[in-house]
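See structure below.
Here, each number is a calculation from the coordinates, and none is a lab measurement. Bear in mind that the values here come from a model prediction, so they are computed numbers and not experimental data. Cβ atoms come from the backbone with ideal geometry, glycine included; neighbour counts cover every protein chain shown.
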Amino acid sequence: MRVLVTGGAGFIGSAVVRHMIGTLGLRVVVVDKLTYAASLASLTPVSDSPYYKLEIADICDAVAMLRIFRDHQPDAVMHLAAESHVDRSLDGPAAFIQTNIVGTYTLLEAARTYWAGLPPERRAAFRFHHVSTDEVFGSLGAEGLFDESTAYAPTSPYSASKASADHLVRAWHHSFGLPVVISNCSNNYGPYHFPEKLIPLTILNALHGQALPVYGGGTNVRDWLHVEDHARALCLILSQGRVGESYAVGANAERRNIDVVQAICVLLDRLRPQPGRRHADLIRFVTDRPGHDARYAIDSSRLRSELGWTPQRTFEEGLADTVRWYLDNEAWWRPLRDGVYGGERLGSSGLGSIGLGSIGAGATAP
């Protein structure tokens, strides 16, 4: 089986590619534009495999997409290419509209053209898996869970663009018969995570003695999913999910943002102690970002009952492993921290001063 994975050099995409090649023995064609958040170093564990191919291309380029389908003849598509950081979508929505909506449309059309020309047996087996987010559902109150029947209510340019992409994928299934599956996941964490997101940012800021900014009072709740557990789920959905259906992917690991940051500080106090100082002393509460959703949480009962998936890591185990990975893999994150993203705050347009003075600041929310 040969799978075309868009966004395969990104955080979740690279985990999927490593799992497909290293564990499942699948042939993979990575399609990636290699934007700021992509890293070919994340694919080093499989880059020498004969099962790995790389196409550097933009999913908005219709000619390139048609050629890639024609040249590689995939049996399935795993679509992960996306602009994904809420804070960046507040500063520059246009890139999110272009990549997440126009790019998904372009890819769907290329896939439809390719699929329509396949012989009947291969056409029946073909799958297009669109990977989305729980953020399309908006914000939960203190109770309840998102599931596959939850109404869409996106609140940020990022989540609105992903919701639009979800609707396009469903439309291409119902209008044209393209065999699709969709998944909506909770917040991912783990190794190879770009440093702008909450967990790697907190780890790296702490290692540099910089402020650990927490939006508002830190009470926003996220359901945390280890990226390798997510990769297993995605491959199951691709191979065994019912055509035309969606699957919610979550690990039932809800934590407040402040509790996540404090847990990282405790781990670093043990693993990388600083004489005379606790890492939690670096925590600073900063002005919240606009429209910050209060809580996300997922009911993944369909995935668990239909496909037999369960997460293999508790959040405490996964977080400890993640902190140790960053301590042991400076060669991976140092070029990104020094040359691509140094921890500055994003998404603060119109917020004014956040009151950190000379202590420094960074983006926080996942």
Rounded if a/c under 1.5, otherwise prolate or oblate - the range 131-282, Cα gyration tensor axes:
prolate
Please find, in a Gaussian network model of the chain (springs between Cα atoms separated by less than 10 Å), the residue of His292, His79, His129 whose mean-square fluctuation is greatest.
His292
Where in the chain lies the longest segment free of trypsin sites (Lys or Arg not before Pro) that are both loop residues by DSSP (not H, G, I, E, B) and have at most 16 other Cβ atoms within 10 Å?
1-241
Please work out the Cα center distance from the range 88-153 to the range 1-68, rounded to the nearest Å.
18
Put in order of increasing Cβ neighbours within 10 Å, starting from the fewest, Ser139, Ser47 give Ser47, Ser139
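Please give the contour-minus-distance gain from Arg242 to Glu317: 0.36 nm per residue of separation, less the Cα-Cα distance, rounded to one decimal in nm.
Fully extending the segment from Arg242 to Glu317 adds 23.8 nm.
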What order do you get for Ile264, Ile182 when you list them from fewest to most C-beta neighbours inside 10 Å?
Ile182, Ile264
Starting from the Cα of Lys162, draw a straight line to each of the lysines and keep only those under 21 Å, dropping any in the same chain fewer than 8 residues away.
Lys33, Lys197
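Subtract the Cα-Cα distance of Tyr36 and Ala116 from 0.36 nm times their separation in residues, and report this length gain in nm to one decimal.
25.4 nm
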How far apart, in nm, are the 7 Å Cα→Cβ label points at Met1 and Glu109?
2.9
Please list log₁₀ I(q)/I(0) at q = 0.08 Å⁻¹ for the range 1-151, using the Debye equation with identical point scatterers on the alpha-carbon positions.
-0.25
Global geometry of the range 82-204, whether rounded, prolate or oblate, following the gyration tensor of its Cα atoms and the 1.5 cut on a/c
prolate
For the pair Asn329 and Gln73, how long in nm is the line joining their label points, each one 7 Å along Cα→Cβ?
3.5
Would you please give the residues with an amide H less than 5 Å from that of Val181, counting only those at least 5 places away or on a separate chain, with H modeled from the backbone geometry?
Phe128, His129, His130, Gly244
Positive-pole candidate from Ser84, Cys185, Val28, dipole of the chain, charges at beta carbon:
Val28
In nm, spacing of pseudo-spin labels at His174 and Thr44 (7 Å Cα→C-beta vector):
4.7
